[in-house]
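Read the structure below first, then the notes.
Where a number appears in this text, it was derived from the coordinates with a stated rule and is not lab data. On a predicted model such as this, the values are computed, not experimentally measured, just so you know. As a convention, Cβ positions derive from the backbone with ideal geometry for all residues, glycine included, and neighbour counts pool all protein chains shown.
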Amino acid sequence: MVNYPDPNCTELRAALGRKFGLAAEQIVMGNGAVELIYLLMKLLQPRKVLIPAPTFGEYEIGVVCAHGQVVDLPLDRAEEFSIKAEKVVNHLPQVDMVIICNPNNPTGKLIEREEIETIIREAEETGAFVMVDEAFMDFVDEPERYSVVDLVHKYPNLLVLYSMTKFYGIPGLRLGAAFGTPRIISGMTAIKDPWNVNTFAQLAGVVSLEDEDYRVRTRVMVREAKKEFYKALLKIPGLKVYEPSVNYVFLDISGTGYTSTKLKESLARRGLLVRDCSSYKNLGADFIRVAVKDPASNRRLVEALTRLAAGKTNRGVRA
Ligand SMILES: Cc1ncc(COP(=O)(O)O)c(C=O)c1O
């Protein structure tokens, strides 16, 4: 490619604008959504940021890189780690930013848009900024119940993150977006690397957004595979299965006799890769996250988990 990429991602922003009902001035593109987390922190330099735990680890790194301090909001295991607006609101006076991942990674838990709007409205009162990460929202059934993208028209203290790497399967190409007021978007645009999104990623983004057929097929495929996978996982003794909302399933494995690290290693020896969640804050050694794949791969994982769990629980040993 002999020319530099379009620094403004003109076509792509126009396409996303049509999809989400936004003006191009309300959109900035990133080399993955992750770049935009770092850009926002660099721009706003928040001193204290409220982050629920567990959640996606890059938020904390972004805050620390911008010399800010993280205020943890430990989510309650007894409430399946759901994020309660009331608890977030209680902490708002002590922070200048809050981050909400919806659906949350790794739990898959969703928060209703009314709850998030409560947080945003209260945050506006206390002078706090709200970043809502909707990286997995394309997989969600009834996204209109959960997404707050349209609220960027209403609240100046809101930024919504969007990723194309997950639903469109292009994590190696890197493509993400942030939606906000023209003011915040122009601030982020001014400090970004001018050619942060390469030509191939821009092209892939435009083509992907036009491909309604892919979108419909993928949603149906994931929904069907997820349903069958969830039902099969529920039958495995010793597992607590969190109801999946997206293309991964969160599992409490404490009843299997394994720690998450040991279970990950045992599955890896059988050629099956799962996410050991022990590196997430507030989770300990009891959780793994597994991807929803094609039905045959899902069945392979279910069989391996069934065999491993049966072996351990029969011996009553905790590895
Ligand atoms: C919640 C969440 N947000 C953002 C990202 C980053 O997405 P991207 O690949 O677009 O940088 C991830 C990646 O795993 C994620 O889990």
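Observations
- Residue check for residue 62: without any contact (Cβ under 8 Å) to a residue 60 or more places away in the chain and within 19 Å of the chain's Cα centre (by Cα): yes
- Remark: pairs (first residue in region 94-115, closer than 15 Å to residue 141 by Cα; second residue assigned to a helix (DSSP H, G or I) and within 16 Å of the ligand (Cβ to nearest atom); Cβ separation under 7 Å; 6+ apart in sequence or on different chains) = 102/116.
Matching residues to (1) away from the ligand (no atom under 14 Å from the Cβ); (2) of a type in the set (Lys, Arg); (3) in a helix (DSSP H, G or I); (4) touching a strand residue (DSSP E or B) at 6+ places or on another chain (Cβ under 8 Å):
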residue	(1), (2), (3), (4)
25	yes, no, yes, no
29	no, no, no, yes
42	yes, yes, yes, no
50	yes, no, no, yes
61	no, no, yes, no
64	yes, no, yes, yes
70	yes, no, no, yes
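- Note on region 192-218: residues that are among the hydrophobic types (A, V, I, L, M, F, W, C) and in contact with a helix residue (DSSP H, G or I) (Cβ under 6 Å, 6 or more places away or on another chain) amount to 2.
- Any hit, region 206-222, residues being within 16 Å of the ligand (Cβ to nearest atom), part of a helix (DSSP H, G or I), more than 28 Å from residue 299 (Cα to Cα) and within 21 Å of the chain's Cα centre (by Cα): yes
- Candidate set from region 139-175 (those that are of a type outside the set (Asp, Glu) and at positive phi); member that is surrounded by the most Cβ atoms within 10 Å (Cβ to Cβ): 174
- Candidates 273, 234: the one that is of a type in the set (A, V, I, L, M), free of Cβ contacts under 8 Å to residues at least 24 places away in the same chain, within 27 Å of residue 142 (Cβ to Cβ) and surrounded by fewer than 18 Cβ atoms within 10 Å (Cβ to Cβ) is 234.
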